[in-house]
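Here the structure is laid out as C-alpha cells; the discussion comes afterwards.
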Amino acid sequence: MQIERFQWKETSRIVEMICQVWKLDRMFKSLKNGMIFSQEYFYDVLLHSTDLFIATQQQRIVGFLALSLSKKEKILIPEEYQNLLYHQHDDFHLISSYRQMMQNYHQNCEQLLQKMHQNYDGEIVLFMVDETYQHQGLGTKLYEYAECLFKKENCSHYILYTDTSCSYEFYDHHQMKRLDQYRRDDDFTIYLYAKELKSMEYRQLPHGYEKISVIGLGTSSLGESSDEEIIATIQEAIDQGVNYLDLASGHAKTFQAIGQAIKGQREKVYLQIHFGANYETGEYGWTTNLDKIKQSIQWQLEMLQTDYIDFGFIHCIDEEADLKAIEKAGVIDYIQELKKQGIVKHIGLSSHTPEIVHKVLDMHILDMVMFSINPAYDYKHGEYAIGQTDERMALYQRCEKEGVAISVMKVFSAGQLLDANKSPFPQALTRIQCLQYALDKPGVVTVLPGVRNRDDLKEILKYTQASDGDKDYTVISTFDAVEHQGKCVYCKHCHPCPIGLDIALINKYYDLSLLGDDLAKDHYHHLEKKASACVQCGHCNHRCPFHVDQMQRMEEMALYFGE
C-alpha cells in the first residue's frame, strides 16, 4: 500500500467511496440521494481539514485520510470543485435537510469537546478504507501514518469523532481513549476519542552537551533486510525521535545503506562506531590488529558518508588478555589521537565483564560504556551474566558517580526474556518491561534494542506511548530466580508517596552518596522534599514488591544527610 497526497482529480472516487463504505444509498433510500449526501459530507470534511491523503494499492484508491492540525491553515478548495461539491440540487428541501443534519452533528461534537476542558492540536477528520479492502491491515497502516504525521508536527493530543455507523472498536484497539459520548437516539451515538502523544525522552550525556534518546537502535541484524528497508527503517527511526545508533552491525552492507539514510541529516544522529569490528569478509569479524582497525574505520566513514565519529568505542573487551592486546597494539592510543584531531568526539568501551570495565574506568578516558543489562544477566542467568548481582549494580553506580554514561545492549537477553519457554523466569516479560528495567539503572542514558526492519521498530517505539502500568516490571520480584529482596531497585512501584516524596530518587542519591558521589549528595540537598519529611505512614512499605523497609531507610537517610 502506498500513501500519498490527495489530488483534486480524485474527488469523484472519494465521494463514491464515502457512499459505499457507509452504505448511504440504503440510508437515504436511493443511490442518487446517497451520492448527494456523500458530496455534501465530503465538502464539509474539506472545510475542516488541513491535510488530505489517499492510500492506493495496485493503482486503485483504497483508503482516504483527512487531518486537521491547529497550527496549519485549512485547505483551499478550487472553485470548480466548490461548484461540483456544493451544488444547488433541484430538491432544495433535501439539500437543506442534509446540511441541517451535519450542522446538528457538529454541534453535538462541539458540546462533547467543550465538556473536556482540554485543548487538542490535531484531529482525524475522516478515516476510511474501501469495504473490499478492509480487515487486511490497511486501516492500521493508514492510522499509523496519521499518528506519525501528528508526531512530526509536534502535536501533543489529537481527537476524532466516530459513531455507531463505524467500527469504533478499531480505535479502542489502537489505545485511543473514549472520553465521552452523546446518545442521539436508540440507534445512534456519537463518541469522542482522544490520544496523548508522548514524545521521545532524552537524557544528557554527563561528559558533554549531547541529549540522547532513551531508545536508540542496535543494528546487528538490520543487514538481514534489503537496502531499501534498511534506509526506510533508519529514516523512520529518526522521524520518531531516535538519535543514537550503534553500528556493531552483523553485515557490511548495513553501513552504505545507513549512509544513504542519514545523508542530509547527519547532524540529527549520534553514531556509536567500534574500533575492533572488522568487515573485510562482508560479515562482522573481531580484531585487535591496529592496521586492520584503521582500514575498517576508514571504510566505515566512507560508507557512512561522514568525516567524524560521535562515539568511538574500544570494541568487545571481555577478558584481561583482550585488554592487554589492544593496549599493546596501540588501539587506545589511536582512538585518543583521533579525539585530539576532533574526528572522535567521545571515547567508549563495550564489554560484558564488570572487572574489565572497572580497569578501563581507572584510565579516566571514557565518556560511555556499552554494557549488557537485563533482569536475567543481573540475576546470574545467561551467557553474559558475568558478575554477581551486587557487583553489577556497583558498576552502574560507579558509572553514574563518575559521569560515564551507559548504553545498554542485549536488553531482551537475545529474545529469551520475551519467550516463556526460553526465559529463566516462569513467565515472559514484555519489551516495554525490559526497556524500563534497563532505563531505571544508574548511569543509563539509552537502550539499544536490535531491529531488523520497520515492523521491529514499531514494536520498540511502543515504549514511548506506554503507560506506567505497561512499564511496571516488578513482577520479577515474585520469581524464585531473582534474589534482590530488601534492596531498592528504584522501580517506583511505591509511588506516589502520599506527601510527595520522590522515594526512588531519594534512595538513588543515598546509595550513590555512600559510594562517595558528592554530586548526588548535592542533588539530594536541593530536593524540595527530603527524607526527613517522611511521616512513617507505611504506604511505601506496603507497596514495595522487593520488601524494602522504606520507613527505616528514610530515617537512615535523614540522619545521614542531616535533613
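Could you check the stretch 269-285 and list, in sequence order, the residues that are modelled with pLDDT under 95 and open to solvent by 30 Å² or more (accessible area, probe 1.4 Å)?
Correct list: 280, 281, 283, 284.
Here's the yes/no breakdown for (1) part of a helix (DSSP H, G or I); (2) over 18 Å from residue 552 (Cα atoms); (3) of a type in the set (A, V, I, L, M, F, W, C); (4) within 30 Å of the chain's Cα centre (by Cα):
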residue: 492; (1), (2), (3), (4): no, no, no, yes
residue: 495; (1), (2), (3), (4): no, no, no, yes
residue: 504; (1), (2), (3), (4): yes, no, yes, yes
residue: 507; (1), (2), (3), (4): yes, no, no, yes
residue: 510; (1), (2), (3), (4): yes, no, no, no
residue: 513; (1), (2), (3), (4): yes, no, no, no
residue: 520; (1), (2), (3), (4): yes, yes, yes, yes
residue: 529; (1), (2), (3), (4): no, no, no, no
residue: 537; (1), (2), (3), (4): no, no, yes, no
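Condition first: within 17 Å of residue 259 (Cβ to Cβ) and either outside any helix (DSSP H, G or I) or not acidic (Asp, Glu) (or both). Now tell me which residues in the stretch 220-241 satisfy that.
Result: 222, 223, 225, 226, 230, 231, 232, 233, 234, 235, 237, 238.
Being among the hydroxyl-bearing types (Ser, Thr, Tyr) and under 26 Å from residue 196 (Cα atoms) narrows it down to one of 464, 478, so name that one.
464
Among the numbered criteria (1) at pLDDT 90 or above; (2) under 27 Å from residue 267 (Cβ atoms), which single criterion is violated by residue 239?
Just one mismatch for residue 239, condition (1).
Check the stretch 221-234 and report whether any residue there is under 22 Å from residue 445 (Cβ atoms) and either surrounded by fewer than 18 Cβ atoms within 10 Å (Cβ to Cβ) or more than 19 Å from the chain's Cα centre (by Cα) (or both).
No, there is no match, as no residue in the stretch 221-234 is under 22 Å from residue 445 (Cβ atoms) and either surrounded by fewer than 18 Cβ atoms within 10 Å (Cβ to Cβ) or more than 19 Å from the chain's Cα centre (by Cα) (or both).
Scan the stretch 479-498 and tell me whether some residue there is basic (Lys, Arg) and either crowded, with 17+ Cβ neighbours inside 10 Å or closer than 30 Å to residue 175 by Cβ (or both).
Yes: one or more hits.
Please specify each residue of the stretch 358-384 satisfying the condition of being open to solvent by less than 20 Å² (accessible area, probe 1.4 Å), farther than 20 Å from residue 210 by Cβ and of a type in the set (D, E, K, R).
378
Would you say residue 473 is crowded, with 16+ Cβ neighbours inside 10 Å, touching a Phe, Trp or Tyr at 6+ places or on another chain (Cβ under 7 Å), among the aromatic types (Phe, Trp, Tyr) and closer than 19 Å to residue 434 by Cα?
Taking the combined requirement at face value, the residue satisfies it.
Within the stretch 1-29, take every residue that is open to solvent by 40 Å² or more (accessible area, probe 1.4 Å) and in a loop (DSSP other than H, G, I, E, B) and give me the one that is farthest from residue 128 (Cα to Cα).
In this case the residue turns out to be 29.
Please give the number of the condition residue 523 fails out of (1) free of Cβ contacts under 8 Å to residues at least 12 places away in the same chain; (2) open to solvent by 50 Å² or more (accessible area, probe 1.4 Å).
Failing condition for residue 523: (1).
Scanning the stretch 295-324 for residues that are in contact with a Phe, Trp or Tyr (Cβ under 8 Å, 6 or more places away or on another chain) and outside any helix (DSSP H, G or I), which turns out modelled with the lowest pLDDT?
My answer is 316.
Those residues that are closer than 26 Å to residue 190 by Cα, at pLDDT below 80 and surrounded by 11 or more Cβ atoms within 10 Å (Cβ to Cβ), I need them from the stretch 68-105; list them, please.
Result: 85, 86, 94, 95.
Could you pull out every one of the strands (runs of 3 or more DSSP E) wholly within the stretch 124-219 that has 1 or more residues that are over 17 Å from the mean Cα position of the chain (by Cα), surrounded by 15 or more Cβ atoms within 10 Å (Cβ to Cβ) and not polar (S, T, N, Q)?
The qualifying strands (runs of 3 or more DSSP E) are 157-163, 177-185, 188-196.
For a quick check of your reading: which helices (runs of 4 or more DSSP H) sit entirely within the stretch 372-483 and have at least 3 residues that are more than 26 Å from residue 155 (Cβ to Cβ)?
375-378, 389-402, 431-439
The values are calculated or read from the model by the stated rules, or taken from the named source; none is laboratory data. Just so you know, these numbers come straight off a predicted model, no measurement behind them. Cβ coordinates were reconstructed from backbone atoms using ideal geometry, including for glycine residues, and neighbour counts include every protein chain displayed. These accessible areas exclude ligands, DNA and RNA; they are computed on the full protein's heavy atoms, side chains included. Shrake-Rupley method; radii C 1.70, N 1.55, O 1.52, S 1.80 Å.
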